[in-house]
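S.K.: The structure is given below, and queries will be raised subsequently.
Taken together, the values in this text are just the output of simple stated rules run on the coordinates, not laboratory data. Everything numeric in this text was worked out from a predicted model, so none of it was measured. Neighbour counts run over all protein chains shown; Cβ positions are idealised from the backbone, glycine included.
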Amino acid sequence: AILVGWAGKQNSDALDGVNLVTVKFSWNADADVDVEMKPMSTIFCGSSVEFGLAITTLAFLAGRQNGETLIKLGTERVKLVCHAHTLGHNGRGPKVASAFIQLA
């Protein structure tokens, strides 16, 4: 993949110990194909992958399984967005289709 460009911003309080970065990026995997665009992606910086997985799992299990759960990390308001898998659950409970964070 060829990185075409990106733009980003950091959360409003860089000194609160919570580091969130929102980025917008584009890429071109093949010269014959149009440029692909990711309109927005928010990521934790400086935290473990386990923390990101744990916080989105908790939001899914204890919050809304299809929608947004608002939380506060440090001084930053964050939305944890979850979507449940719509296929059959085989009697074993809901499954995560997608879970991600957004600045609120």
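S.K.: Would you please give the residues with an amide H less than 5 Å from that of residue 97, counting only those at least 5 places away or on a separate chain, with H modeled from the backbone geometry?
M.R.: Excluding prolines and chain starts, which carry no amide H, the hits are 83, 84, 85.
S.K.: So what's the net charge close to residue 80: Lys and Arg +1, Asp and Glu -1, counting the other residues with Cβ under 12 Å from its Cβ?
M.R.: My count for the surroundings of residue 80 gives +3.
S.K.: For residue 40 and residue 61, compute 0.36 nm times the residue count separating them, minus their Cα-Cα distance, and round to one decimal in nm.
M.R.: On the way: separation 21, 0.36 × 21 = 7.56 nm, distance 2.47 nm.
Result: 5.1 nm gained on full extension.
S.K.: Give, as a single signed number, the net charge of other residues whose beta carbon lies under 15 Å from the beta carbon of residue 65, with Lys and Arg counted +1 and Asp and Glu -1.
M.R.: Here the count lands on +3.
S.K.: Roughly what would the spin-label model give for residue 86 and residue 98, points 7 Å off Cα along C-beta, in nm?
M.R.: In this crude spin-label approximation the distance works out to 1.2 nm.
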